[in-house]
Amino acid sequence: MTITLRIDERRALHDVDPMIYGQFIEHFGRQVYGGIYDPSHPLSDADGFRSDVIAALRRLRIPVVRWPGGCFVSAYHWKDGVGPDRLPSFDKAWCVEESNAFGTDEFMRFCQKIGAEPYLCTNAGTGTPEEMSDWVEYCNEPRRGRWARLRIANGHAQPFSVRYWSIGNENYTGGEIGAKTAQQWGPFVRESAKMMRRVDPGIKILAAAVPDVDWNLALLRSAGDLIDYISIHGYFDEAWETNVLSGYRKSLQAPARFEQSIVAVRGLLCALGLEHRVRIAFDEWNLRGWYHPGIADFSRLDPDHDHAAAMRALNEINTQYTMADAVFAASFLHLCMRHGDMVTLANFSPTVCGRGLIGVSDTGLVLRPAYFVFDLLRNRMGTHLVDSYAQDMATVDADGVPVAALDAVAALREDGVLTVSLINKDPERAVSVQLHTALPYACAHRFSLVSPDADSANDFDCPDRVHVEQGEQPLSGPVQLAPHSVIVLQMMP
C-alpha cells in the first residue's frame with residue numbers, strides 16, 4: 001500500500017514542549033530500591049546510584065521526573081525521608097516496609113545526575129496543606145524557616161528550586177489513601193495551593209483530576225485561579241488484579257482512548273475560559289497498568305508478604321514488553337505533539353523496572369522497546385510542529401476496530417531542519433509513504449526502530465532483538481516502512 005503524506009513546513013502550528021518526554025518513579029517493587037538506587041551494588045557510584053542505569057537515562061535527555069508517587073505518596077510524609085536519623089515506616093499503599101533511605105535529598109541528586117528537573121507530588125491523602133508548604137520551604141526557601149535551615153543542616157546550602165509541584169495523586173479513586181469527593185477536593189486544593197504559594201509564588205502547581213465534568217468543575221471553580229495544570233492519568237490495560245496484557249492488535253485501540261481524555265479535559269478548560277492559563281499534564285501514562293493483586297480489593301489482599309512480592313515481581317518479566325509498547329508509546333507522544341498547545345507535560349510510568357523503559361537485574365540492564373522510542377523522538381525530532389496530513393489512508397484491523405495504519409507528525413528543529421516521525425502500525429504489511437513537502441529535499445537521515453515481528457522483545461539473552469538502524473533515505477521515491485516500525489527522518493536539501 002502507498003500513502004501520500006503532505007507536509008507544509010512553512011505553516012507552523014505550535015511549539016511542542018520538551019516536558020512531554022518526562023518520566024516517573026514510585027516506591028513500588030524495584031523501581032527505587034534495586035532499580036535506580038542500590039548503595040551496596042558493585043555497579044553503583046559513590047552516592048549509591050546504579051551507574052549503568054544513570055548512563056542509560058542520561059542518553060534520553062529526560063527533562064523532568066515525577067516522584068515519589070503515585071499511590072505511595074498519599075500516605076508518605078516527606079519529613080521521614082530527610083536527615084541522618086531515618087526510621088522505617090509501613091507503606092499503606094503497597095503494604096510493605098519503607099526504609100526511607102531514599103528521600104528528598106537523594107531524589108534531587110538523582111535528577112542532577114541524569115540532567116532532569118525534579119517534580120514533586122505531595123501527600124493529599126493523609127497529608128495537610130501545611131505539610132505541603134513545609135516541603136516547598138525545605139526545597140525552595142534560601143534560608144528562612146526551620147525547614148530551610150534543616151535542608152542547610154543536611155548539607156544543601158543552596159535551595160533545590162523545584163518548579164513543579166502536584167497536589168495529590170489519584171484522590172478521586174476510592175482505593176487511594178485519603179480519597180476525596182469532588183466537593184472536598186476543590187477547597188482542599190485551594191488551601192494547599194494558597195499555602196504553597198505563600199512560600200514560593202513562582203512554583204507551578206498541578207492538581208489531580210480525571211476526565212469528569214463534575215470533578216473538574218468543582219476543582220476549577222474553587223482553585224482554577226491558583227493552579228497551572230490539570231493532571232490526568234491513563235493506562236489501557238487495567239491489569240491491576242489479573243496481569244492480563246493486550247496483544248499487539250488490541251493495543252492499537254489505546255491511543256484513541258487516551259485522546260478522548262485529552263479532548264474532554266481540553267473542552268472543559270475552553271468552556272470555562274481557562275484554555276490560556278491552565279494546561280494539561282498527562283503525568284502518568286503507559287499501555288500497561290501495574291500488576292498489584294489485592295491492593296484494590298482488600299478481600300483478596302495476600303497475607304503472605306513473600307508471595308505478594310513474588311506476584312508483583314511478575315511486572316519485571318522483560319518479554320512482556322514488545323513492539324506493542326513501542327508503537328503505543330510513539331503514538332501517545334504524537335498525540336502530545338498534536339495537542340501541544342495544551343498538553344505541555346507528560347510522565348511515562350514508570351521509568352525503571354516494573355512496566356518501565358528499562359529492566360534491571362543484579363547483573364545488568366535491558367533496554368525495552370519503548371526506551372528506543374524516547375531515544376528517537378526526544379533526540380531526533382524538532383519542537384516546532386508544522387502542518388501535515390495523509391491522503392489515501394490505509395487501515396489495519398485492531399481486534400475488530402479499524403485504525404489508521406500510518407501515524408505521522410512533522411516538526412522543525414531550532415536550526416530549521418525538517419523532521420518527520422512515521423509509525424507503521426500494521427503488524428504484518430509494509431507501508432510505502434510518498435512525501436510531498438513545500439520545499440525540496442534530496443534525501444534524509446533515517447533512524448528506524450525495527451524487530452523481527454510484532455511480539456519481539458529484548459531480554460538478557462537477546463538484548464538487541466528490537467533495535468535502531470540508521471542510514472540514508474533517498475526521497476526520489478516512496479519511503480518504505482517495515483511492519484510494526486517507528487521511523488524518524490531528518491530531511492536534507
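Throughout, read-outs are computed from the coordinates displayed, never taken from laboratory work. This one's a predicted model, so the numbers in the text were calculated from it and none came from an experiment. So basically every Cβ, Gly included, is an ideal-geometry build from the backbone, and we count neighbours across all protein chains shown.
Numerical summary
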read-out	value
Computed E for D304/Y389 - FRET, C-beta separation, R0 45 angstrom, nearest 0.05	0.20
Folded to 0 to 90 degrees: helix 323-338 orientation relative to the chain principal axis, Cα	80 degrees
Potential extension, A442-M492 segment - 0.36 nm per residue separation minus Cα distance	17.4 nm
Pairs from K92/K113; K113/K425; K79/K194 whose Cα-Cα separation, in the structure shown, is over 25 Å	K92/K113; K113/K425
The stretch 17-380: C-alpha gyration tensor shape, a/c 1.5 cut-off, then a/b vs b/c	rounded
Gain in span if fully extended, D52 to Q260, counting 0.36 nm per residue against the direct Cα distance	71.1 nm
Point-to-point label distance, D453-D214, nm (Cα→Cβ direction, 7 Å offset)	4.7 nm
Residue-span extension gain [L314 to E428] - 0.36 nm each, minus C-alpha spacing	38.2 nm
Residue exposure sequence - R61, R338 - by fewest surrounding Cβ within 10 Å	R61, R338
Ellipticity estimate at 222 nm from DSSP helix runs (n ≥ 4, -39,500 (n - 2.57)) divided over the chain, nearest 500	-8000 deg cm²/dmol
C-alpha long axis of helix 129-140 to longest principal axis of the chain, angle in °	70 degrees
Over the chain, relative contact order from alpha-carbon pairs under 8 Å, at least 6 apart, %	19 percent
Shape call, the stretch 150-242: gyration tensor on alpha carbons, a/c limit 1.5	oblate
In the stretch 403-493, the GluC sites (Glu not before Pro) that fall in loop regions by DSSP, at most 14 other Cβ within 10 Å	E414, E428
Amide N proximity, the stretch 203-219 versus T181 label position 7 Å along Cα-to-Cβ, cut-off under 14 Å	215, 218
FRET efficiency for A101 and R198, using Cβ-Cβ distance with R0 set to 51 Å, rounded to 0.05	0.95
Rounded if a/c under 1.5, otherwise prolate or oblate - the stretch 376-493, Cα gyration tensor axes	oblate
Sorted by Cβ density within 10 Å, fewest first, the residues C270, C336, C121	C270, C336, C121
